[in-house]
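Student: Got a structure for you, written out below as structure tokens; questions coming shortly.
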Amino acid sequence: MDLHEQARDTLRQNDKGGYTLPTHGLYPYQWNWDSAFAAWGFTTFDPDRGWIELETLISGQWDDGMVPHILFHRPDPGYFPGPDVWQGRGPIPSSGISQPPVAATFMAKMLEMDPTGEPRARAMWPKLKAWHSWFMRWRLDQGAVCVTHPWEAGRDNAPDWDAALRGVDASDVGDYTRRDTSHVDPAMRPTKYDYDRYIKLVQLGVSVRWDQRQLQTLNPFRVADPTMTFTLLRAQRDLHAMGQRFGKDVSEIADWITTLEAGAETLWNPDIAGYDSRNVHTGAFNGILSNASALCWYGGLNDHRARPQVERMLDAVNFGIASYDPQADGFEPLRYWRGPTWPIMNYLVGSGMEEQGQSDLANRIRSDTARLMAQNGFAEYYNPHDGTPAGGATFTWTAAVWLGWAGNDPQTRKGAA
Ligand code: GLC
């Protein structure tokens, strides 16, 4: 079967009717940023289904504006921690944290691809604005966007969180049974030490019914993060542009953009020549060079300072940008966000570079990503050296990246012809 058809099939197979699972088994619910990618992927062949995906995601919005990182539409005992553990307080059972806000950016793309969707985009615009406002209200540190749980950043077990997690006392976390390690090899998943702390942070949120004001003092984990900062900065720019088109007052969004630009600058760490995460409680940089630094172009910054290190990271592997500096101690090519390459990050990084005139690097990342999928299918992530597929298989957002971007790579098309 042609790869485009395979990608469409992957989306259809993961479609649960109104929302799409990242992959069967490992992730049996609707995940926030996965869903935004799915919406875009569907829009390449079934725009109506694409719009529905975003509408379903936003229907889980809490009354304080947050759009949760997981919506538990229908119970599935194969996943832990489920709705009973998270005890979200929105209209649909959910987790209590959010995820990188890429939805507005994909909505802007979908509107370009399908202008007839404008009434639906108009209806979602104020809700997206309320979500963005929630980040500005509850997640800023010196203008940079923080995460209050490692899973909020979408880079679940990146080394960025190690220092702050050491400040989380999980001695009373109690017994629980993980499910992730029964779906995939434990060597590719986070350790028990980390998992105890992930669960402890959930318990803390539940103890105050996810009251953000109380969590500001109660939660020992607060890390300013380049993934969040750049995705929100970008999303605000897209929301602003759509707002102008829709005749809305966008002055508040313009101020948010200025704040976030200043915040992004506070994440620049000259010692690693990259954008770094910062432990808010100690003020210390983590000294971690990851693929999140390379999101600066996607964030709308044309930053020449960031390029040399990103180029070095690209040179060190064969398939796109590794999630963690391949030359750093602790780099693990197959353990989740500590080394593997992720097509969705390659897309965000590569498309941002393209927009900012860094076409040489952008083309390289796109061809790498296309080869990766052509050779190894639509996996969750891959070994960046040899392309070994890892994690879950037949993955929604990987297939979406093929349909919307990598599958259009001129080099791969030539090779396939
Ligand atoms: C993992 C990833 C996260 C993603 C989820 C579903 O938790 O770290 O970014 O949203 O899987 O694919």
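Student: Report the FRET efficiency, 1/(1 + (r/R0)^6), for residue 262 and residue 169, where r is their Cβ-Cβ distance and R0 is 51 Å, rounded to 0.05. The partial results should precede the final answer.
Tutor: On the way: r = 34 Å, r/R0 = 0.66.
The value I calculate is 0.90.
Student: Residue 24 versus residue 137, label points 7 Å from Cα toward the beta carbon: distance in nm?
Tutor: Rounded to a tenth, the inter-label distance reads 4.1 nm.
Student: Please find the FRET efficiency linking residue 302 to residue 248, where r is the Cβ-Cβ separation and R0 is fixed at 22 Å, and quote it to the nearest 0.05.
Tutor: In this case the efficiency is close to 0.20.
Student: For segment 139-193, with only Lys/Arg (+1) and Asp/Glu (-1) charged at the beta-carbon, what is the dipole magnitude about the Cα centre, in debye rounded to 20?
Tutor: Around 140 debye, computed over segment 139-193.
Student: How big is the shadow of the Cα convex hull of the chain, averaged over all directions, in nm²?
Tutor: If you wrap the Cα atoms of the chain in a convex hull and average its projections, you get 18.2 nm².
Student: For the chain, what is the mean residue ellipticity at 222 nm derived from helices alone (per DSSP H run of n ≥ 4: -39500 (n - 2.57); sum divided by total residues; nearest 500 deg cm²/dmol)?
Tutor: Estimated from H runs of four or more residues: -14000 deg cm²/dmol.
Student: Determine the per residue accessible area of the chain with all protein chains present and a 1.4 angstrom probe, expressed in square angstrom.
Tutor: Here the residues of the chain average 35 Å² of exposed surface.
Student: Among 333, 77, 384, whose mean-square fluctuation peaks in a Gaussian network model of the chain (Cα, cutoff 10 Å)?
Tutor: Checking each option, the largest mean-square fluctuation is seen for 77.
Student: Let me ask another. Using only the heavy atoms of the protein chains and a 1.4 Å probe, how would 120, 213, 245 rank by accessible area, largest first?
Tutor: Most to least solvent-accessible, the answer reads 213, 245, 120.
Student: Then there is this: Compute the relative contact order of segment 331-417 as a whole-number percentage, counting only Cα pairs closer than 8 Å that sit 6 or more residues apart in sequence.
Tutor: That works out to 29 percent.
Student: In sequence order, what are the phi-derived ³J(HN,Hα) couplings for segment 113-121 according to the Karplus relation 6.51 cos²θ - 1.76 cosθ + 1.60 with θ = phi - 60°, rounded to whole Hz, with x for glycine and proline?
Tutor: With coefficients 6.51, -1.76 and 1.60, one gets 6, 9, x, 5, x, 3, x, 6, 5 Hz.
Student: How far apart, in nm, are two points set 7 Å out from the Cα along the Cα-to-Cβ line at residue 76 and at residue 16?
Tutor: About 0.5 nm separates the two model spin labels.
Student: While we're looking at this one, here's another question. Rounded to the nearest 20 debye, what is the charge dipole size of the chain about its Cα centre when +1 sits on each Lys and Arg Cβ and -1 on each Asp and Glu Cβ?
Tutor: Here the size comes out at about 420 debye.
Student: Follow-up. Lys/Arg Cβ at +1, Asp/Glu Cβ at -1, dipole of the chain taken about the Cα centre: which of 198, 102, 221 is farthest positive-ward?
Tutor: 102
Student: Can you run phi through the Karplus equation (6.51, -1.76, 1.60; θ = phi - 60°) for segment 372-383 and list ³J(HN,Hα) in whole Hz, with x for Gly and Pro?
Tutor: 4, 6, 4, 8, 10, x, 9, 7, 5, 7, 8, 5
Student: Still on this model: Using 7 Å Cα-to-Cβ label points, what is the residue 282/residue 213 separation (nm, one decimal)?
Tutor: 3.1
Student: How large are Rg and Dmax for segment 201-321 when only the alpha carbon atoms are used, in Å?
Tutor: Using the Cα atoms of segment 201-321, the pair Rg, Dmax is 17.1, 47 Å.
Student: Can I ask one more? Carbon and sulfur: what percent of the chain's accessible surface (1.4 Å probe)?
Tutor: Values: 7060 of 14510 Å².
Carbon-and-sulfur percentage of accessible area, whole number: 49.
Student: Whole-Hz Karplus ³J(HN,Hα) for segment 162-175, in order, using 6.51 cos²θ - 1.76 cosθ + 1.60 and θ = phi - 60°, x for Gly and Pro?
Tutor: Listing the rounded values in order: 4, 4, 5, 5, 4, x, 9, 7, 10, 5, 10, 5, x, 8 Hz.
Student: In the chain, with Lys and Arg counted as +1 and Asp and Glu as -1 at Cβ, which of these residues, 27, 357, 268, has the Cα nearest the positive end of the dipole, that is, farthest along it?
Tutor: Selected residue: 27.
Student: Pull out the extension gain between residue 332 and residue 271, defined as 0.36 nm times the separation in residues minus the alpha carbon to alpha carbon distance; nm, one decimal.
Tutor: Gain in length upon complete extension: 19.7 nm.
Student: Of the listed peptides 345-351, 153-159, 255-261, 388-394, what is their order by residue-averaged count of other C-beta atoms within 10 Å, with the highest listed first?
Tutor: Highest mean packing first, the order is 345-351, 153-159, 388-394, 255-261.
The values are calculated or read from the model by the stated rules, or taken from the named source; none is laboratory data. Every value quoted in this text rests on a predicted model; they were computed, and no experiment measured them. As a convention, Cβ positions derive from the backbone with ideal geometry for all residues, glycine included, and neighbour counts pool all protein chains shown. Heads up: the accessible areas ignore ligands, DNA and RNA and are worked out on the full protein's heavy atoms, side chains in. Shrake-Rupley method; radii C 1.70, N 1.55, O 1.52, S 1.80 Å.
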